[in-house]
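Enquirer: Sharing a structure, written as structure tokens. Questions coming.
The values are calculated or read from the model by the stated rules, or taken from the named source; none is laboratory data. All values reported here derive from a predicted model rather than from experimental measurement. Positions of Cβ are generated from backbone atoms using ideal geometry, with glycine treated the same way; all protein chains shown enter the neighbour counts.
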Ligand SMILES: [Zn+2]
């Protein structure tokens, strides 16, 4: 595995599934933002944070997330979150990322402030760490249909300020099928946004079908429960719909009891386009390299398979064709060396 570890480190990577809010809540940054905003968190240093972050259920995970994410209140807070994510990504040799942000998670923060922070943080992540960033605005799927449409319109008005290239769908999945937000995705398509949706994480395969057929998404975030529907797996493989899979997140949130039970290798073997991603790294104490390591260790991936998955990250990105070709050329140079 040490050879595969060096290969994973050496390959320039694209990450397509990482959330600004949960993905930036490293305990030291959360504490800094809390102090700045006059708030108190249930932990005070790295050790007590470790105990606090040790969730044992999805409910507890969401509660930790809501508590820490409440420290994001101003443009400067969002700026610092993006810069911190950039720093972490540079260490893992991720040179391009498409980050989700979910305005519905922080309804008290004006969208203009969020976007201002994303824009300046993006510039600094590039200049300081060499990490290029685009953003995808996620609809909180638990909100009413009209709120989803309103978010798309609001984001459209500010999209150019912070390279917001897509619309997505996240938050608690079960009970909130993608069809609930089909009108928002229809509007997103009219406005020329890329489209993706969290589906088939802990929700059923029918939610993946809805995302594909009713929301016309180009990618599926997670999609790991697609394995329960052979016709869906065939469709995903035939249409080459990318799946942004987050294996460690899925195991820690009990979508699968352990990595050996995860569907990722079956999906790869069925010809689906699979990418590895880290979802909310501080919550799972992982980065994209750990995803490659854990899946490779469990399923004995070959170097060719590792390269195929890492290359799929670039191919599945929403980069413009010329940019994508440029990044892929750089990737292939390393992959072949
Ligand atoms: Zn996610």
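Enquirer: For the range 163-202, which residues satisfy the criterion of being within 16 Å of the ligand (Cβ to nearest atom) and at positive phi?
Expert: Within the range 163-202, 171, 200 qualify.
Enquirer: Follow-up. Only helices (runs of 4 or more DSSP H) wholly contained in the range 218-337 count here; list those with 2 or more residues that are over 19 Å from the mean Cα position of the chain (by Cα).
Expert: Hits in the range 218-337: 230-239, 264-269, 288-299, 303-315, 321-336.
Enquirer: Further question on the same structure: I need every pair where a residue in the range 203-219 that is under 14 Å from residue 186 (Cβ atoms) has its Cβ under 6 Å from the Cβ of a residue that is part of a loop (DSSP other than H, G, I, E, B), sequence separation at least 6 or different chains.
Expert: Qualifying pairs under 6 Å: 210/177; 211/217.
Enquirer: Ok, one more. Out of the helices (runs of 4 or more DSSP H) lying entirely within the range 56-137, which hold 3 or more residues that are under 18 Å from residue 159 (Cα atoms) and either at pLDDT 95 or above or within 18 Å of the chain's Cα centre (by Cα) (or both)?
Expert: Once the helices (runs of 4 or more DSSP H) in the range 56-137 are filtered for at least 3 residues that are under 18 Å from residue 159 (Cα atoms) and either at pLDDT 95 or above or within 18 Å of the chain's Cα centre (by Cα) (or both), what remains is 75-91, 111-129.
Enquirer: Which members of the range 152-168 meet the condition of being under 22 Å from residue 203 (Cβ atoms) and either free of Cβ contacts under 8 Å to residues at least 40 places away in the same chain or touching a helix residue (DSSP H, G or I) at 6+ places or on another chain (Cβ under 6 Å) (or both)?
Expert: Those that are under 22 Å from residue 203 (Cβ atoms) and either free of Cβ contacts under 8 Å to residues at least 40 places away in the same chain or touching a helix residue (DSSP H, G or I) at 6+ places or on another chain (Cβ under 6 Å) (or both): 152, 167.
Enquirer: Write out, first by first residue and then by second, each pair whose Cβ atoms fall under 6 Å of each other, whose residues are 6+ apart or on separate chains, and whose first residue, in the range 1-28, is more than 15 Å from residue 334 (Cβ to Cβ) while the second is part of a loop (DSSP other than H, G, I, E, B) and within 16 Å of the ligand (Cβ to nearest atom).
Expert: Note: pairs meeting the criteria are 15/277; 16/277; 17/246; 17/277; 18/278; 19/280; 22/280; 23/280.
Enquirer: Go through 186, 228 for me and flag whichever is out of contact with any strand residue (DSSP E or B) (no Cβ under 9 Å at 6 or more places or on another chain), under 29 Å from residue 158 (Cβ atoms), touching a residue at least 12 places away in the same chain (Cβ under 8 Å) and surrounded by fewer than 19 Cβ atoms within 10 Å (Cβ to Cβ).
Expert: After ruling out the rest, the residue left standing is 186.
Enquirer: Then there's this: Starting from the range 233-257, keep only residues that are on the phi > 0 side of the Ramachandran plot, then list their pairs with residues that are within 12 Å of the ligand (Cβ to nearest atom) and part of a loop (DSSP other than H, G, I, E, B) whose Cβ atoms are within a distance under 9 Å, requiring at least 6 positions of separation or different chains.
Expert: These pairs meet every condition: 254/202.
Enquirer: Additional query: From the list 18, 41, which residue is within 16 Å of the ligand (Cβ to nearest atom) and either outside any helix (DSSP H, G or I) or at pLDDT 95 or above (or both)?
Expert: Exactly one residue qualifies, and that residue is 18.
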